[in-house]
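Presented below is the structure to which this report refers.
The values are calculated or read from the model by the stated rules, or taken from the named source; none is laboratory data. Since we're looking at a predicted model, the values are computed, not measured. Heads up, the Cβs are rebuilt from the backbone with ideal geometry, glycines too, and the neighbour counts pull from every protein chain shown. Surface accessibility is based on the protein's heavy atoms, side chains included, excluding ligands, DNA and RNA. Shrake-Rupley method; radii C 1.70, N 1.55, O 1.52, S 1.80 Å.
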Amino acid sequence: MNPDFTKNAQERPEPFKADVKGSIPSWLQGTLLRNGPGIFSVGETRYEHWFDGLSLLTSFTFKDGEVTHRCRFLRSDTYNANMAANRIVVSEMGTMAYADPSKNFIFKAITFLNHTMPDFTDNCASNIIKYGNDYYATSETNYIRKIDPVTLETQDKVDYMKYVPVNLATSHPHYDREGNAYNFGTSIAEKGRTKYTLFKVPAVSEKDKGKHAPALKNVEVVCSVPCRSLLQPSYYHSFGMTENYIIFIEQPFKLDILKMATAYMRGVNWASCMKYAPEENTLIHLVDRKTGKEASIKYSTGSMVVYHHVNAFEDEGHVVFDVIAYNDTDLYEMFYLNRMKEDAASQGRDYSRPSYRRFVLPLHSDKSSAVGENLVKLTYTTASAVKEKEGKLTCQAEVLCGDLELPRINYDFNGKKHQFVYGNIVEKSASTKQIAKFDTETKTMLHWEETNYCPSEGVFVPRPNGESEDDGVVLSSVVNSNPGQPGFLLVLDGRTFKEVARAYVNTELYKDVHGLFIPHGSNH
């Protein structure tokens, strides 16, 4: 049976000591922060899409073999406005909120004008990101909310637009060894141009230590990639990064800005203004991190929809990057709440399944190579890059496996060649029954599953001074699908994928989206 993901969560802001079964490794010291939607109805109104629910922050703190749990709603302006009105008054991507019908015509006209160029929500229910020494709840709008990673209290509201001209930004930044963060955002029709902007948020410098200014005040724009159409920028959720390059996928899954501007008046949600054009190809932009310049070779592949990059690395004159890709936009459709209810009752419908795809980009196109020739010289992959004409390559992926989503790696291997990926096995519904470890070299998979439990994204935590890539643990928040029964935090051995411990929290856990692990003593 699938749990009811559409019911409102309860918060428990005070720390609660969990009941640990098994033994938690003594080196595991720190806090796993998780974020995801937790409130789906306010008063008589309901959200239409699961991703729209109001953010619930959850933490599991590990100290000397013990685990402490707490969870708290993000007190965003969106949350406060909805609660004050006892109805949903702020629109989200999949749910358009309307002015109270009792309000007069003038008020309605003003509300319409406000929605024409939407001031987006600050209901940041997708992930936790770190800029400088600060932690933020984030979704994909221009607003992020600073949070206290210990108490989960909501702090400053930060608008990207004050620091860098982006209307949207991803909730999956990358971090380099020095603690600098990199992220992509979309500037919509700024000075008549729509572009994708890669920006860098530097690690906190010595002179800024102890100051309260947000790290974003030192933001640097690394480069801009022009959008292939002015009013239809691509939707993207993540990107890839190697030591020297950034990989950005401009897919034919787009936001129609003109439709978005009239959505409120037409009585439709913004998500309906996204369109997929399967007849168009996907452009792969390769940007030099040092110079900010795009590669002279133009790479493309067939149409696809990508939410999550797995990892990327360089190897003998090639850039290899791995993504989880779909053939259509079913994934978003699957999370409409009425569909989730139907799927829970009917064991799901036939959605398109994700596939783990490996692409290879040769960095040099030899003038002597013939049109039609595959320029990939790596022997361990069947991915190809075929020369169309001078400076143009068409890429075909190697499919490494199917049905894996929410991919995580040992982040110490980010930008380097990796062997192992941890993820969830997704079925024909929004619930995940299994968590898995995939070996990209042997193409084999190990699983953990237990009847009536739904594990969340598995976060890999490396053992300090670990001996191998998979020397560490995988942490997953596990939802009990028996109503009213407690969930637990699962600790799996990164190598064997056997359970080493679980911590029962004596309260319900809720399906979430993403999160990160903060090692104890990491400047907080």
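Taking a probe of 1.4 Å, how large is the accessible area per residue of the chain, in Å²?
On the way: 21460 Å² over 524 residues.
Per-residue value: 41 Å².
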Need the list of aspartates and glutamates near K63 for cross-linking: C-alpha distance under 15 angstrom, and skip anything on the same chain fewer than eight residues off. D19
Measuring from label point to label point, each 7 Å out along Cα→Cβ, what is the N327 to R463 span in nm? 4.3 nm
Can you list the lysines whose alpha carbon is less than 19 Å from that of K417, not counting same-chain residues fewer than 8 positions off? K377, K437, K443
Nearest-0.05 FRET efficiency for N8 and D288, computed from C-beta distance (R0 45 Å): 0.40
Report in % the part of the accessible area of segment 12-519 that belongs to carbon and sulfur, leaving out ligands and nucleic acids; probe 1.4 Å. 52 percent
Could you give the distance between the Cα centres of segment 290-307 and segment 184-239, to the whole Å? 18 Å
Between K162 and K275, what is the spin-label point distance in nm, taking each point 7 Å from the Cα along the Cα→C-beta axis? 3.7 nm
Peptides 485-492, 135-142 ordered by average Cβ neighbours within 10 Å, highest first: 135-142, 485-492
